[in-house]
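Quick notes on the structure that follows.
The values are calculated or read from the model by the stated rules, or taken from the named source; none is laboratory data. Source: prediction; values computed, not measured. With ideal geometry, Cβ positions are generated from the backbone for all residues, glycine too; neighbour counts draw on all protein chains shown. We work out accessible area using only protein heavy atoms, side chains counted, and drop any ligands, DNA or RNA first. Shrake-Rupley method; radii C 1.70, N 1.55, O 1.52, S 1.80 Å.
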Amino acid sequence: MLRQCFSVRDKLLQKKYEEHKVNVHIHYYKNTNENSEYSLVVINMNPVLMTVGDIFRAGVETTTTVLKWSIAYLVHNPPVQRKIQQELDNKTGKDRHPQLSDRGNLPYLEATIREVLRIRPVSPLLIPHVALQDTSVGEYTVQKGTRKEWKNPELFDPGRFLNEEGDGLCCPSASYLPFGAGVRVCLGEALAQMELFLFLSWILQKFTMPAGQPLSDLQGNL
Ligand code: HEM
């Protein structure tokens, strides 16, 4: 089964490579000795194809999963949906599609995206948010099950990412890192944020997602 998947992946990548390789001869000069003489090295295309495959995998599944969770939470929370739509009506209007330049004017939508990334993170194991056993930090004892970061962590509340006036964004916790941090931070964060914003703003400008019955549960498998 796994071999079959790899074979499908390799065929797809090879096809894409054949489509795009026209007139592209990739090579680079490698510093071969301390006298800074350079020699020509032709890159083996296999690692290049695997890297493209990695980016493809890391970029597709993650973003679609967050979009599915967004829709599920909006369906469960009609008032949040209405508030985003009001914001869109007031700030963007109905005569044109939202654009990336509208992002700064739609804080409630941005806060909702942040909240979805918080409550159902794609990579929840990055930093543990709950004490798995009794432990201590310096002189302080920490009991198993202690969660300190978020007030009502199970509550879906985009408002936690808004400032007191409700007209600007804030980040209430330094450990909120849905895209990781440091040298291995998500390569596609900016792209993913744009995709989430455009998808949700376009959909919600035109449609209301009805709850229907019964509602899907929000615990796991969508
Ligand atoms: C909502 C969507 C996404 C989320 C939540 C997300 C989250 C993450 C997280 C948590 C990591 C691990 C960071 C670490 O190890 O510290 C990561 C790594 C990575 N992501 Fe994303 N990602 C998303 C979308 C994308 C997209 C669209 C792309 C590419 C187009 C992408 C490419 C990558 C790559 C290449 C890495 C590995 C970076 C490295 O190890 O140097 N991701 N992502």
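Using DSSP to call loops (not H, G, I, E or B), can you name the chymotrypsin sites (Phe, Trp or Tyr not before Pro) in region 115-222 whose Cβ has at most 13 other Cβ atoms within 10 angstrom? Kindly include the intermediate steps, with their values, before the conclusion.
On the way: sites: TYR140, TRP150, PHE156, PHE161, TYR176, PHE179, PHE197, PHE199, TRP202, PHE207; in loops: TRP150, PHE156, TYR176, PHE179, PHE207.
Answer by residue number: PHE207.
Comparing mean-square fluctuations of GLU115, GLU154, GLU87 from a GNM of the chain with C-alpha springs under 10 Å, the top value falls on GLU154. Contact order for the chain, expressed relative to its length and based on alpha carbon pairs under 8 Å spaced 6+ residues apart, stands at 21 percent. Rolling a 1.4 angstrom probe over region 81-222 with all protein chains present gives an accessible area of which 54% lies on carbon and sulfur atoms. Once the Cα atoms are used to define both axes, helix 2-20 deviates from the longest principal axis of the chain by about 70 degrees.
What FRET efficiency, computed as 1/(1 + (r/R0)^6) with R0 = 25 Å and r the Cβ-Cβ distance, is obtained for LYS15 and THR65, rounded to the nearest 0.05? Let's see the in-between values first.
Working: r = 26 Å, r/R0 = 1.03.
That gives a FRET efficiency of 0.45.
When only alpha carbons are used to place a centre, region 45-119 and region 157-222 end up 6 Å from one another.
With the Cα gyration tensor of the chain in hand, convert its eigenvalues to equivalent ellipsoid semi-axes via √(5λ) and list them largest first in whole Å.
Values: eigenvalues 298, 144, 78 Å².
In descending order, the three semi-axes are 39, 27, 20 Å.
Fully extending the segment from THR135 to THR51 would add 26.2 nm, taking 0.36 nm per residue of separation and subtracting the current Cα-Cα distance. Here the label points at HIS97 and ARG184, each 7 Å from Cα along the C-beta direction, are separated by 3.7 nm in the simple model. Note on region 172-222: along the principal axes its Cα atoms extend 44, 27, 23 Å, ordered by decreasing extent.
Between amide H atoms placed 1.01 Å from N, distances below 5 Å from LEU169 occur with ASN163, all of them 5 or more places distant or on a separate chain.
To the nearest 20 debye, what charge dipole does region 101-222 have about its Cα centre, counting +1 at the Cβ of each Lys and Arg and -1 at the Cβ of each Asp and Glu? Before the final figure, lay out the partial values.
Details: 11 positive and 14 negative charges, 57 e Å.
With only Lys, Arg, Asp and Glu charged at Cβ, the dipole is about 280 debye.
When the chain is treated as a GNM with alpha-carbon contacts under 10 Å, the residue of GLN133, GLN86, GLN205 showing the greatest mean-square fluctuation is GLN133.
Please build a GNM for the chain, connecting alpha carbons under 10 Å apart, and tell me which residue among LYS11, LYS68, LYS151 fluctuates the most. The residue that fluctuates most here is LYS11.
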